Amino acid sequence: MIEWLGIEHLFELSRTEAIWGFFTPLIVYAAFFVVQLMLPGRWVPGYVVNPATGEPRNYRLNGMLVFLIAIVVWALELTGLPHDWFYRSSVYAVAGGTVFSIIFTLIAVFTQPEGKVKNRFLAWWFGRAQEISFFNERIDVKMYMYVVGGTMLSLNALSGAVYHYELFGEKANPGVILYAAFFTFYIMDYMVFERVQLYTYDLIHENVGFKLIWGCLVVYGWLFILPLWGMAAYPNPGFSPAWTNVWLIGASALFLFGWGISRGANLQKYTFKRWPDRKFLGLIAPKYIQAGERRILCSGLWGVARHLNYMGEGFLALSIALIFGCFTNFWAWTYFIFIVSLFVYRQWDDDRHCAEKYGAENWAEYKERVKYRIVPGIY
């Protein structure tokens with residue numbers, strides 16, 4: 001089965017290496033916790049209201065600094081681990097990370113007061129507390145996990161690219177190198193706009209349960225590179241120079257197009273929530289539906305589709321599937337399949353939350369104005 005899947009190279013670690021691979025996530029989690037705690041950060045208010053004060057919660061952010069230090073430590077091999085370690089140990093790391101996520105979830109959920117969800121499994125899966133923080137809020141669990149997951153996504157992608165290049169040399173697939181560059185840019189962009197994350201779905205709606213903990217630490221950090229599990233073992237597909245340029249430039253343009261839509265939509269929503277009357281980019285005047293004390297943005301990118309940012313993520317994921325040039329290989333499409341499935345579900349769940357938050361009549365009016373869910377003219 002493993003040979004049929006083409007991932008036998010990921011099971012070539014010695015017994016000692018496999019044990020180290022299993023515990024690698026735990027070491028990473030601990031290291032990031034200490035680094036984020038010790039490094040300076042800036043305090044900013046978010047969107048979520050602290051029920052104890054009635055004011056927006058304060059978050060201490062230092063993601064970019066943590067990310068840059070992690071990249072330097074990896075690049076200079078300051079830990080003594082080879083550049084390709086994260087990739088070669090990824091199967092064992094996913095197993096270990098899953099076990100540790102289960103343990104973390106048991107602690108995070110069942111040390112909290114019982115909420116509306118009485119079923120213990122559902123409480124474990126979805127969580128009880130919306131926010132958990134440590135050391136007088138110097139560490140917010142959600143933002144900590146996103147920094148860990150995002151940074152490890154970049155490091156795992158770079159590690160896989162190194163493995164691939166060392167394996168094939170001049171016959172290496174340039175798409176694999178670009179794949180690592182895509183995700184490194186994607187995470188760096190996230191760190192630049194880290195504050196915008198405070199106004200997104202996960203921070204506003206999700207509780208701290210297994211779904212979020214495992215999703216951030218393992219899925220985001222290690223399993224988002226699932227295409228590389230197969231594609232890092234494939235050489236250059238051997239296109240002509242002209243077709244290679246078309247394929248690489250086309251996929252890169254699609255990536256930037258998807259990123260632009262996603263980043264633009266999130267920035268417009270962020271701008272509206274912080275400065276409701278400000279024009280986005282100085283050009284797009286905000287139009288909205290008044291829902292009591294709340295407002296539903298329905299202009300600009302948010303007047304085209306109710307979740308146009310998800311369409312941007314879909315195009316971005318499509319570019320990642322195409323960048324390898326192996327268009328019929330299932331491994332190349334794994335990330336795309338996951339992202340499309342995730343955001344179709346998330347759109348449905350977000351609509352349900354918004355109907356409760358803004359009121360059924362107001363949300364119905366918004367759906368009447370903005371008819372399409374994700375893809376204008378199609379869905």
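The magnitude of the dipole of the range 7-135, with charges of +1 and -1 set on the Cβ of Lys/Arg and Asp/Glu and taken from the Cα centre, is near 580 debye. Taking each of 287/371; 279/367; 142/367 in turn, the alpha-carbon distance tops 26 angstrom for 142/367. Across the range 107-114, computed HN-Hα scalar couplings (Karplus, 6.51 cos²θ - 1.76 cosθ + 1.60, θ = phi - 60°) run 6, 5, 8, 8, 9, 9, x, 5 Hz from first to last residue, x flagging Gly and Pro. Would you mind checking the tilt of helix 63-75 against the longest principal axis of the Cα atoms of the chain, expressed as 0 to 90 degrees and rounded to 10? It is inclined by approximately 0 degrees. Packing around the peptides 175-188, 323-336, 107-120, 147-160, taken as the average count of other Cβ atoms within 10 Å per residue, puts them in this order, highest first: 147-160, 175-188, 323-336, 107-120. Counting only DSSP H runs of at least 4 residues, each contributing -39500 (n - 2.57), and dividing by the residue count of the chain, the helix-based mean residue ellipticity at 222 nm comes to -19000 deg cm²/dmol. With the Cα gyration tensor of the range 137-194 giving a ≥ b ≥ c as the square roots of its eigenvalues, does the rule (a/c under 1.5 for rounded; else a/b larger than b/c for prolate; else oblate) give rounded, prolate or oblate? Judged from the Cα gyration tensor, the range 137-194 comes out prolate (a/c at least 1.5, a/b above b/c). The stretch between residue 167 and residue 129 holds 9.1 nm of extra length on full extension. This uses 0.36 nm per residue minus the Cα-Cα distance.
Size estimate for the range 1-91 follows the Kirkwood approach: the inverse of mean 1/r over distinct Cα pairs works out to 16.3 Å.
Note: the chain, Cα convex hull, 163 Å³ per residue. Distances between placed amide hydrogens fall under 5 Å for residue 291 paired with 296, all partners being 5 or more residues away or on another chain. Rounded, prolate or oblate: which fits the range 158-278 when a ≥ b ≥ c are the square roots of the eigenvalues of the alpha-carbon gyration tensor, with rounded for a/c under 1.5 and prolate only if a/b beats b/c? Oblate, because a/c is 1.5 or more while a/b does not exceed b/c.
Once neighbouring chains are kept in place and the probe is 1.4 Å, which whole percent of the accessible area of the chain is contributed by carbon and sulfur? Summing carbon and sulfur atoms, their accessible area is 66 percent of the total for the chain. In the full protein context, the range 191-348 carries 40 Å² of accessible surface per residue, based on a 1.4 Å probe and ignoring ligands, DNA and RNA. Working note: Karplus 6.51/-1.76/1.60 with θ = phi - 60° gives the range 237-253 the couplings x, x, 6, 5, x, 5, 5, 4, 5, 4, 5, 6, 5, x, 5, 5, 5 Hz, where Gly and Pro are set to x.
Taking amide H positions as modeled 1.01 Å from N, with prolines and chain starts lacking one, the residues under 5 Å from residue 139 and 5 or more places away or on another chain are 134. Across the range 138-148, rounded Karplus estimates of 3J(HN,Hα) from the backbone phi angles (6.51 cos²θ - 1.76 cosθ + 1.60, θ = phi - 60°) give 5, 10, 8, 4, 5, 5, 4, 5, 5, 5, 4 Hz, Gly and Pro being marked x. Dipole magnitude for the range 73-137: computed about the Cα centre from +1 point charges on Lys and Arg Cβ and -1 point charges on Asp and Glu Cβ, it is near 400 debye.
The values are calculated or read from the model by the stated rules, or taken from the named source; none is laboratory data. The structure presented is a predicted model; accordingly, all values stated were derived computationally and were not measured. Cβ atoms come from the backbone with ideal geometry, glycine included; neighbour counts cover every protein chain shown. Surface accessibility is based on the protein's heavy atoms, side chains included, excluding ligands, DNA and RNA. Shrake-Rupley method; radii C 1.70, N 1.55, O 1.52, S 1.80 Å.
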